[in-house]
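Q: Here it is, the structure in full.
The values are calculated or read from the model by the stated rules, or taken from the named source; none is laboratory data. Model, not experiment: these values are computed from the prediction. Cβ: placed from backbone, ideal geometry, glycine included. Neighbour counts: every protein chain shown.
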Ligand SMILES: [Zn+2]
């Protein structure tokens, strides 16, 4: 058996919920969990540079998308230039997805077979094939610290019959990906971890069947995919809950593509250690800001001469230096600086929430934290 590549250490557990605070040790640094990972789709978090992220915001791990980087500039090109860390000048850890989600959400024509998925590039229409083995190769070419196994991400809703067929295909792919990964890294000087992905649409029995079968892989961590595909929000939480007691306590669990600020603690309370979401960055660019006092829709006329900061409790550069009135002006003028300042604040807000949650777990006060968070959601604006 291969020694663990990326190790996870639990430092505190909540006595009431399933939450835990931990440390994820990677070749590019130690990450405090629970952690929110900003999304750097094209090897960049839109609007921020790497110094903003690593130095100012303290981001320890970023997510990058295999689908996009495979198509452009290409994984072999990135490998020849020394890997993704060097290419994008990023000193900390990188997690890459398998490409499966984007193939199913972005590409035009696609054909799923037991061998993999043939898809048409959304850039120029060229045909490409992802197999469990080829997506491992692409992610190893990037030099990702944490890789994901190829999965099929069904839309919502699908029939139980289709969800079962699809989940079993994802399971076979996970075994193939894992075998290929183990053979590829046997002689590798760098450590990498491959996380398989639990699927099964929103059917708890299929989720449990999938998670149970994935235990055979003895992976360094497990991802829960197929969320945020259009299902009602409470169902995403129930789906995560369905496999909490199946997945090994000692390994990190990653809920892919969730959630809103108020949901972060709900996932953590259900045993989740890692999350990613485009919401803080995408919403920032669209004028939708998350603050400790609720959301701010910056275009509203009420902010026209509002000289206060976006969030008086936030210590980010945007909140220290600029007013709501100035942010509104930049937004309405379509200025580039707006996107940069707004994204910086929203990502900071997510990271602050995760730090508060982690602190609450360590001081064993997460139940109170959850109560307050739920009250804030229920309160009218
Ligand atoms: Zn701020």
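Q: Go through (1) assigned to a helix (DSSP H, G or I); (2) over 22 Å from residue 35 (Cα atoms); (3) within 15 Å of the ligand (Cβ to nearest atom) one by one and return the number of the condition residue 375 breaks.
A: (3)
Q: Which condition number does residue 126 fail, the rest of (1) crowded, with 16+ Cβ neighbours inside 10 Å; (2) without any contact (Cβ under 8 Å) to a residue 40 or more places away in the chain; (3) touching a helix residue (DSSP H, G or I) at 6+ places or on another chain (Cβ under 9 Å) being met?
A: (1)
Q: Then there's this: Within the stretch 350-372, does at least one residue satisfy the condition of being at pLDDT below 95 and away from the ligand (no atom under 11 Å from the Cβ)?
A: As a first pass, look at the stretch 350-372 and keep what is at pLDDT below 95: 372.
From the residues that got through so far, the ones that are away from the ligand (no atom under 11 Å from the Cβ) too are 372.
Yes, the stretch 350-372 has at least one match.
Q: So, in the stretch 318-338, exactly how many residues are farther than 12 Å from residue 289 by Cβ, away from the ligand (no atom under 13 Å from the Cβ) and assigned to a helix (DSSP H, G or I)?
A: Residues that pass the stated criteria total 7.
Q: Can you tell me how many residues in the stretch 277-286 are away from the ligand (no atom under 15 Å from the Cβ) and surrounded by fewer than 22 Cβ atoms within 10 Å (Cβ to Cβ)? If you could, list the steps in order and put the result at the bottom.
A: Of the stretch 277-286, the ones away from the ligand (no atom under 15 Å from the Cβ) are 277-279, 282, 285-286.
If we keep only those that are surrounded by fewer than 22 Cβ atoms within 10 Å (Cβ to Cβ) as well, we get 278-279, 282, 285-286.
Matching residues across the stretch 277-286 total 5.
Q: Something else now. Kindly indicate whether residue 347 is in contact with a helix residue (DSSP H, G or I) (Cβ under 9 Å, 6 or more places away or on another chain), touching a residue at least 40 places away in the same chain (Cβ under 8 Å) and over 27 Å from residue 16 (Cα atoms).
A: Values: in contact with a helix residue (DSSP H, G or I) (Cβ under 9 Å, 6 or more places away or on another chain): yes; touching a residue at least 40 places away in the same chain (Cβ under 8 Å): yes; over 27 Å from residue 16 (Cα atoms): yes.
Answer is yes for this residue.
Q: Which of the residues that make up the stretch 296-317 are under 16 Å from residue 343 (Cα atoms), in contact (Cβ under 8 Å) with a residue 12 or more places away in the chain, more than 9 Å from the ligand (Cβ to nearest atom) and surrounded by fewer than 19 Cβ atoms within 10 Å (Cβ to Cβ)?
A: Selection gives 299 alone.
Q: Could you go through the stretch 170-189 and let me know if any residue there is out of contact with any helix residue (DSSP H, G or I) (no Cβ under 9 Å at 6 or more places or on another chain) and more than 22 Å from residue 4 (Cα to Cα). First the steps, then the outcome.
A: Start the filter on the stretch 170-189 by keeping residues that are out of contact with any helix residue (DSSP H, G or I) (no Cβ under 9 Å at 6 or more places or on another chain), which leaves 182-183, 186-187, 189.
Then keep just the ones that are more than 22 Å from residue 4 (Cα to Cα); that gives none.
Taking every residue of the stretch 170-189 in turn, none turns out to be out of contact with any helix residue (DSSP H, G or I) (no Cβ under 9 Å at 6 or more places or on another chain) and more than 22 Å from residue 4 (Cα to Cα).
Q: Another question, then. In this structure, is residue 55 under 30 Å from residue 365 (Cα atoms), surrounded by fewer than 20 Cβ atoms within 10 Å (Cβ to Cβ) and free of Cβ contacts under 8 Å to residues at least 24 places away in the same chain?
A: Numbers: under 30 Å from residue 365 (Cα atoms): yes; surrounded by fewer than 20 Cβ atoms within 10 Å (Cβ to Cβ): yes; free of Cβ contacts under 8 Å to residues at least 24 places away in the same chain: yes.
Yes.
Q: Taking helices (runs of 4 or more DSSP H) that fall entirely within the stretch 1-120, which contain at least 3 residues that are more than 30 Å from residue 248 (Cβ to Cβ) and under 19 Å from the mean Cα position of the chain (by Cα)? I'd like the intermediate steps shown before the answer.
A: Values: elements: 66-71, 75-80, 84-87, 100-105.
Helices (runs of 4 or more DSSP H) meeting the threshold: 66-71.
Q: If you check residue 343 against the conditions, is it under 22 Å from residue 302 (Cβ atoms) and within 14 Å of the ligand (Cβ to nearest atom)? Steps first, answer last, please.
A: Values: under 22 Å from residue 302 (Cβ atoms): no; within 14 Å of the ligand (Cβ to nearest atom): yes.
No: the conditions fail for residue 343.
Q: Out of (1) in a loop (DSSP other than H, G, I, E, B); (2) at pLDDT below 95, the odd one out for residue 271 is which?
A: (2)
Q: On to the next question. Given (1) without any contact (Cβ under 8 Å) to a residue 60 or more places away in the chain; (2) closer than 30 Å to residue 339 by Cα, identify the lone condition not met by residue 180.
A: Unmet condition: (2).
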